[in-house]
Amino acid sequence: MSIDRVKEFAEVYTSEKDVNDMLDIVNEETLRIDSRFLEPACGNGNFLVQVLIRKINVITKRYKNSKVEFERYIVQAISSLYGIDILKDNVEMCRKRLFDLVIENYNKIYEKNISQKFIKTIKYILSFNIVWGDALSLLDQESKQPIIFAEWSFVTGSLIKRTDYIFSDLIAYQPFEKDTLFSDLGEKVIIPDPKYSYKPIHYLDLEKNVKEKS
Ligand SMILES: C[S@@+](CC[C@H](N)C(=O)[O-])C[C@H]1O[C@@H](n2cnc3c(N)ncnc32)[C@H](O)[C@@H]1O
């Protein structure tokens with residue numbers, strides 16, 4: 001961390017204890033494998049890492065005896081985490097920390113017997129979910145186009161469906177007003193039009209996903 005970066009980008013990290021104190025406020029959500037989290041100025045991912053640790057603990061407890069289920073739910077957990085940072089090295093470090101956490105926990109149970117397809121899927125999702133972007137202008141730093149986030153939904157057993165949304169459309173609605181986004185509680189939900197949607201595909205073949213005709 002440099003003084004210049006602290007001055008220009010407020011690059012000061014939250015301690016692990018403070019992160020966990022804050023996550024405890026929404027503890028039940030952190031334990032829900034598919035509950036989505038966005039860290040909008042994620043740095044190297046201090047919040048996302050702790051959320052992933054909690055989710056992996058749940059997955060390990062429930063599914064450690066089935067490699068297929070363990071993998072499937074890890075994919076679901078990774079696909080639920082989103083981050084944005086304006087500094088490219090932070091984005092890379094955030095992706096790496098989340099990836100390393102998955103591999104470390106996988107190896108603890110399955111002793112390095114990891115499938116290359118699984119690795120590819122995890123990297124693929126992280127490359128979309130952790131965005132090098134500006135959370136104020138809502139522009140992707142690489143393309144200079146609006147930030148797009150992919151929603152990954154398991155539609156049946158192993159099939160995952162990707163739907164892309166423009167981030168500014170997602171936040172155009174105020175979450176605590178009458179109409180709430182992605183509510184599980186039965187309120188009226190407003191879902192913006194997707195930018196793209198893709199055909200459902202096995203989660204281990206995610207890289208081969210194909211856009212649906214609209
Ligand atoms: C205070 S740090 C917080 C990092 C992390 N969320 C944490 O709590 O440990 C702020 C982060 O915001 C990033 N940042 C600053 N301006 C930003 C912007 N306009 N869009 C996205 N990220 C930004 C910085 O690069 C830095 O990593």
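Here, each number is a calculation from the coordinates, and none is a lab measurement. None of the values given here were measured: they were computed from a predicted structure. FYI the Cβ positions are ideal-geometry reconstructions off the backbone, even for glycines, and counts take in every protein chain you see.
Per-structure values
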quantity: Sequence-distant lysines (8 or more away, or on other chains) whose Cα lies within less than 26 Å of K64; calculated: K55, K96, K108, K112, K117, K120, K123, K161
quantity: Whole-number percent relative contact order across region 16-208, with pairs defined as alpha carbons under 8 Å at least 6 apart; calculated: 17
quantity: Reachable lysines, given that their alpha-carbon falls under 22 Å from the alpha-carbon of K7 and they are not under 8 places away in the same chain; calculated: K88
quantity: Given charges at beta-carbon only (K, R positive; D, E negative), |dipole| of region 1-160 in Debye; calculated: 820
quantity: log₁₀ of I(q)/I(0) at q = 0.15, 0.19, 0.25 Å⁻¹ - region 93-175, Debye sum with one point per alpha carbon; calculated: -0.71, -0.98, -1.22
quantity: Relative contact order, percent, region 75-142 [alpha-carbon distance under 8 Å, six or more residues apart]; calculated: 51
quantity: nm² value of the averaged projected area, convex hull over the Cα atoms of region 1-56; calculated: 4.0
quantity: Viscosity 1.567 mPa s, temperature 4 °C, Stokes-Einstein D of region 1-107 from Kirkwood C-alpha radius, µm²/s; calculated: 90
quantity: Kirkwood-based Rg to Rh ratio, region 16-208, C-alpha trace; calculated: 0.95
quantity: Ranking of C94, C42 by count of other Cβ atoms within 10 Å, fewest first; calculated: C42, C94
